[in-house]
Structures are given as structure tokens and as C-alpha cells.
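Enquirer: Can you keep this structure in mind? I'll have questions shortly.
The values are calculated or read from the model by the stated rules, or taken from the named source; none is laboratory data. Since this is a predicted model, take the numbers as computed values, not measurements. Here the Cβ is made from the backbone with ideal geometry for all residues, glycine too, and neighbour counts use every protein chain on show. Ligands, DNA and RNA are stripped out before the accessible areas are found, and what is left, the full protein with its side chains, is counted by its heavy atoms. Shrake-Rupley method; radii C 1.70, N 1.55, O 1.52, S 1.80 Å.
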Amino acid sequence: MEEQPDFGEWGVLKVSAVTSGTFKPRAAKRLPSQLRPIPELEVRQGDILVARANGVAELVGVAVEVRGAPPRLMLSDKTLRVVPRLSALDGSFLALLLQSDRVRRQVMQIVSGSSGQKNISQNQIRRLDVAIPPVEEQRRIAEILDSVDELIRSTERLIAKTLRLETALASALIEHTSSMWQSCQLGDLLLGIEAGRSPEVPDRPAKYDEWGVLKVSAIRSRGFEEGENKVVTQRRFINDGIEVHAGDLLISRANTPELVGLACYIHRVRPRLMLSDKTLRLVADSHKASGQYLARALATPLLRRQIENSGTGSSGSMKNISQKEIRHLVVHLPPLNKQHEIVMRLQSVTKKVECEQRRLAKLQTLRSGLIDDLLIGRVRVLAKGM
């Protein structure tokens, strides 16, 4: 496994440091001891970096402006530094230009390479067709969008802080205050476990009037994502007995080590979606346990450790947990009224997260629209003082 460089050591950027759209300096690997560092390739504050190659075509040509660059971090052969001629092109504006829909469409038309690796060359980047306003206007555009970016960053920080609060509160309510509660195996709280099937189907989401089968990615730590499904076009594969409903408690049977055993409670869902062979429905005994409480409990560190220790699999990238192992998970079980109280307290924090996530989505939409409006000249801005 590739190790991150320690402070003071030389490192080499991974392409993932760029492809999220925000510079991530921790996405780096330690420079092998047999190689000498090249100081000329050290990443610097204000650099404009572009992903030259990636296995996913949509991630080729993604550009970021470096902010907060640590020392002794080198470019890799998959990351390019684009150096603007400052008399004609502002660096921050260049980063925005490369993120615009107009440029991204051009990039997607010219990427080349095999199915395993897509590339864009330096010459292709030089030949991108762009519209350049005067430098002072470029700087003003960059300032405007930077103010939006700061709102986005502050909202992301607030979401992260609230999520940490939610995790800590769940752990305190379910684990740390449970000495007077009984512990029991999860199987004792269930009326059954139901599984679906995964037929060979087209890789596109089902329309509202079509049947679909869930992907394992439909079960997420932040809840259920109904759009993560594949359309089922053949009647023989449709089974309304495994259709997903509001009030279901789902758990992933197979996934990466960090995501196997992920559980979520479904508050609402469109019709005609079915379980797959990697998604299980846990049918809680409502006289003993709340499905919403069990979903919260399954996300606590105590249960996650049990799940990760139980999961099996030959590959480091994929693990499985059996129905038997799920039944043997040990859960702290307060009385039903206390379960409902815990769920309500956690739900109040969850609503705050969801509110901020909606605000973040609006800001990101605003930013995307502003980039195109400002960069193509649909909206013009003047330099300060004019």
C-alpha cells in the first residue's frame, strides 16, 4: 500500500489530488528512496494543475488552483502545471476557464486512449478555444466567484462539523449510556431477513413507470438514494414480493470493507424498485425494536467494528457479510419508548445537516451558472473603481 509522505519528506501527487475539482494535497505518495527529488517540479501556491490522464474520461482535463500547498510535493506524470502569460491571463481566471462547460465539452471531444486510460496532450490543451476578456475584468470575475467559493467552503465546514456532532451524539446515546440496557443479538429482534436477486439488466436507471433493481450504492451513510438502480425490462425478473417500501430497513451484504454492512432506513421511495442480491431487508419485530433505531445503532463504531470483523472475502476491495453473521451482531437495546426518543433527538441534528446540504447544492448551482454567464460574457463586470 502506498504511504503518504511524512512532514519534511518529498512526495508525489496522485491524480486524485486534482480530479475532485478542489486541490487535495493529502492525495500524495511518498517519493521512493531510490529516486531523487526534482525541486523544479515542486507544487507551489497559486499553481494551476490539470489532470492529464485518468481511467475515467470525465475526470481528464479537470483543473484546480492550488491553495495551501505543503512543501516538498512534486507533480506526477499525470498532472500538468499550466503557466499563464500574466500580461494576458490571470491565474485564478484560467482555473475557472478550464472548469467551464464550454471548455469541458471540448475536452470530452478530444480525449483519447484505451478503455483503461484516457489522456489529453499539452498540445490539445494549448488548442482549446477560449474567450478572454481584459485582465482587469478577469480578476474581477475571479474575485466574484471566489466569494461564492468561500460561502461553499464555509457551508461544507459547517456540514462536516454537524456530521461529527451527529456521530458523537449517536455514540453517546446508544453506546455510552447503555449500561442499564440489555444487550442482545440482532437476530432476536428480527422477524426475518429478505434478499433479492441481480439479473443481467441494462445499465441505466429505471424511469418512474419502469421496474428497477437496486445497486449496492443505493444504500449510503446519509440515507437511501433511489436513483441508484438499474432498469428491469424483462417481466420474468419482476417480483413485487421484493419491492422496496417506505419503512424498510436495508443493509448492504457485499461492498468494500468500509461500506459492507452499511444500513439505512427508508423514509420515502418511488414504486417499482426491487432488492438486489447485495441488498438485504431486515424485518424488525416492532414489539421489540424500531427500524429507525436499528439503522442508527448499526452505524455506531461499536457495530461497525463488529461488522468489519465479521465480513469475509478474498479480495481487499470487496467483502461480504452473511445473514448468519448479521443475526449474531450484538446490539444495545433500550426500551421502545427510549429508542423513539433517541431517534427523535438524532433526527433533529440530521435535519440541520439536510438543510445545509440543500443550501450547498444551491450555492454550487449558482456557481456553475455564474461561471458560464461570466466567462462567455453573458454578464459583464467592471473593475473596481470604474
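Enquirer: When each pair of different Cα atoms in the range 80-237 is counted once in the 1/r mean, what is the Kirkwood radius in angstroms, to one decimal?
Expert: Details: mean 1/r = 0.0451 Å⁻¹.
Across the range 80-237, the inverse of the average 1/r is 22.2 Å.
Enquirer: What are the chymotrypsin sites (Phe, Trp or Tyr not before Pro) within the range 6-101 that DSSP puts in a loop, where the Cβ has at most 10 other Cβ atoms within 10 Å? Don't jump to the answer; show the numbers that get you there.
Expert: Values: sites: 7, 10, 23, 93; in loops: 7, 10, 23.
Sites meeting the loop and neighbour criteria: 7.
Enquirer: With all protein chains present, how much of the accessible area of the range 131-231 (probe radius 1.4 Å) comes from carbon and sulfur, to the nearest whole percent? Walk me through the numbers before you get to the answer.
Expert: Details: 2880 of 5480 Å².
C and S fraction of accessible area: 53 percent.
Enquirer: Check cross-link reach from residue 29 to the lysines: straight Cα distance under 27 Å, and skip same-chain residues fewer than eight apart.
Expert: Leaving aside lysines fewer than 8 places away in the same chain, those within reach of residue 29 are 14, 78, 118, 319.
Enquirer: Once the other residues with Cβ under 12 Å from the Cβ of residue 211 are scored (Lys, Arg +1; Asp, Glu -1), what is the net sum?
Expert: Working: positive: 207, 230, 235, 236, 270, 272; negative: 209, 210, 240, 243.
Net charge in that neighbourhood comes out at +2.
Enquirer: For the chain, with a Gaussian network of springs between Cα atoms less than 10 Å apart, report the residue from 116, 247, 291 with the top mean-square fluctuation.
Expert: 116
Enquirer: Moving on. Write down, largest first, the equivalent ellipsoid semi-axes of the range 72-112 in whole Å, where each equals the square root of 5 times an eigenvalue of the alpha-carbon gyration tensor.
Expert: On the way: eigenvalues 79, 65, 14 Å².
Result for the range 72-112: semi-axes of 20, 18, 8 Å.
Enquirer: Then there is this: I'd like the orientation of helix 301-310 relative to the chain: the angle between its Cα long axis and the longest Cα principal axis, in ° from 0 to 90, rounded to 10.
Expert: 80 degrees
Enquirer: Further, regarding this structure: Would you mind telling me which residue in 358, 270, 236 has the biggest mean-square fluctuation in a Gaussian network model of the chain, where springs connect alpha carbons within a distance under 10 angstrom?
Expert: 236
Enquirer: What share of all Cα pairs of the chain, in percent, falls into each consecutive 10 Å distance bin?
Expert: Calculated over all Cα pairs of the chain, the distribution is 4, 18, 23, 24, 19, 10, 2, 0 percent.
Enquirer: With a sphere of radius 9 Å drawn around the Cβ of residue 81, what net charge do the other residues whose Cβ falls strictly inside it have (Lys, Arg +1; Asp, Glu -1)? Walk me through the numbers on the way to the answer.
Expert: Values: positive: 44; negative: 47.
Its environment carries a net charge of 0.
Enquirer: Compute the relative contact order of the range 1-142 as a whole-number percentage, counting only Cα pairs closer than 8 Å that sit 6 or more residues apart in sequence.
Expert: Numbers: 256 pairs, mean separation 33.4, N = 142.
Relative contact order for the range 1-142 comes out at 24 percent.
Enquirer: How would you classify the range 146-195 from its alpha-carbon gyration tensor, with a ≥ b ≥ c the square roots of the eigenvalues: rounded for a/c under 1.5, else prolate if a/b is greater than b/c, otherwise oblate? Walk me through the intermediate numbers first.
Expert: On the way: a/c = 8.99, a/b = 2.18, b/c = 4.12.
Since a/c reaches 1.5 but b/c is at least a/b, the shape of the range 146-195 is classed as oblate.
Enquirer: Now for a separate question. If each DSSP helix of 4+ residues adds -39,500 (n - 2.57) and the sum is divided by the residues in the chain, what number results at 222 nm, nearest 500 deg cm²/dmol?
Expert: Rounded to the nearest 500, the figure is -10500 deg cm²/dmol.
Enquirer: As a test, work out the antiparallel percent of DSSP beta bridges whose residues both lie in the chain, rounded to the nearest 5. Spell out each step's value before the answer.
Expert: Values: 41 of 45 bridges.
The antiparallel fraction comes to roughly 90 percent.
Enquirer: Mind computing the radius of gyration and Dmax over the alpha-carbon atoms of the range 1-95? Å is fine for both.
Expert: So, for the range 1-95, Rg and Dmax equal 13.2, 44 Å respectively.
Enquirer: Among residues other than residue 70 whose Cβ falls under 15 Å from its Cβ, what is the net charge (Lys/Arg +1, Asp/Glu -1)? Don't jump to the answer; show the numbers that get you there.
Expert: Details: positive: 14, 24, 26, 29, 30, 44, 67, 72; negative: 6, 9, 42, 47.
Value of the local net charge: +4.
Enquirer: Only sites in a loop by DSSP and with at most 12 other Cβ atoms within 10 Å count here; which GluC sites (Glu not before Pro) in the range 1-88 make the cut? Walk me through the numbers before you get to the answer.
Expert: Working: sites: 2, 3, 9, 40, 42, 58, 65; in loops: 2, 3, 9.
Sparse-neighbourhood loop GluC sites (Glu not before Pro): 2, 3.
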